[in-house]
Amino acid sequence: MEISSFYPVLTATDVASSAAFYRRWLGFETTFESDWYVSLAGPAGELALLDPTHETVPAGFGRPAQGVLLNVEVPDVDAEWRRLVVDGGVECVVPLRTEEFGQRHFIARGPDDVLIDVITVTPPSDRYAANYTDRVPD
């Protein structure tokens, strides 16, 4: 399969307010907007939001995107912690901490209980270093 683009589409109970959240806190910009679908783009990727009651959503699948975890890698997670949680009041569900598997991160709660894991990559401990491969995506 030759993939020309790949991005998540999250169902959102309130598409407009969810889009506002991702624009405000993660710096996305709108590339398409309707009352049932919003496409967002940022410097490192894309994200779309879809009303789960729209006719294009298959029967039985019309529910918000709960249980999703979005990883957002940043150069300075401590600065983002201060901006989002300390100064901005975004709800945090896992506090800022350093993990021995190679991350300093925190997890914030986004719209519809989507989890946003804000990460700065750190050197892993010896215990985890061997788990990393040399494969680099093309």
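The values are calculated or read from the model by the stated rules, or taken from the named source; none is laboratory data. Nothing here was measured: the structure is a model prediction, and the numbers come from that model. Please note: Cβ atoms are built from the backbone with ideal geometry, for glycine as well, and neighbour counts cover all protein chains shown. For accessibility, only protein heavy atoms count, side chains too; no ligands or nucleic acids. Shrake-Rupley method; radii C 1.70, N 1.55, O 1.52, S 1.80 Å.
Pairs linking a residue in region 87-102 that is under 18 Å from PRO75 (Cα atoms) to a residue that is among the hydroxyl-bearing types (Ser, Thr, Tyr) and open to solvent by 80 Å² or more (accessible area, probe 1.4 Å), with Cβ atoms under 8 Å and 6 or more positions apart or on different chains, are GLY102/TYR132. Residue selection: GLU2 fails the criterion of being of a type in the set (D, E, K, R), touching a strand residue (DSSP E or B) at 6+ places or on another chain (Cβ under 9 Å) and either open to solvent by 40 Å² or more (accessible area, probe 1.4 Å) or farther than 25 Å from GLY102 by Cβ (or both).
So, in region 40-68, of the ones that are among the aliphatic types (A, V, I, L, M) and open to solvent by 90 Å² or more (accessible area, probe 1.4 Å), which residue ends up farthest from GLN103 (Cα to Cα)? Selected residue: ALA59. Here GLU91 does not fit the description of being touching a strand residue (DSSP E or B) at 6+ places or on another chain (Cβ under 8 Å), within 15 Å of GLY27 (Cβ to Cβ), among the charged types (D, E, K, R) and open to solvent by 40 Å² or more (accessible area, probe 1.4 Å). Test ASN131 against the criterion of being in a strand (DSSP E or B) and either farther than 29 Å from THR13 by Cβ or under 12 Å from the mean Cα position of the chain (by Cα) (or both), and give yes or no. So ASN131 fails the test.
GLU73 meets all of the listed conditions (1) open to solvent by 50 Å² or more (accessible area, probe 1.4 Å); (2) touching a His at 6+ places or on another chain (Cβ under 7 Å); (3) acidic (Asp, Glu) but one, namely (2).
Determine if region 77-87 includes at least one residue that is under 15 Å from PRO111 (Cα atoms) and open to solvent by 40 Å² or more (accessible area, probe 1.4 Å). Looking for residues that are under 15 Å from PRO111 (Cα atoms) and open to solvent by 40 Å² or more (accessible area, probe 1.4 Å), one finds none in region 77-87, hence no.
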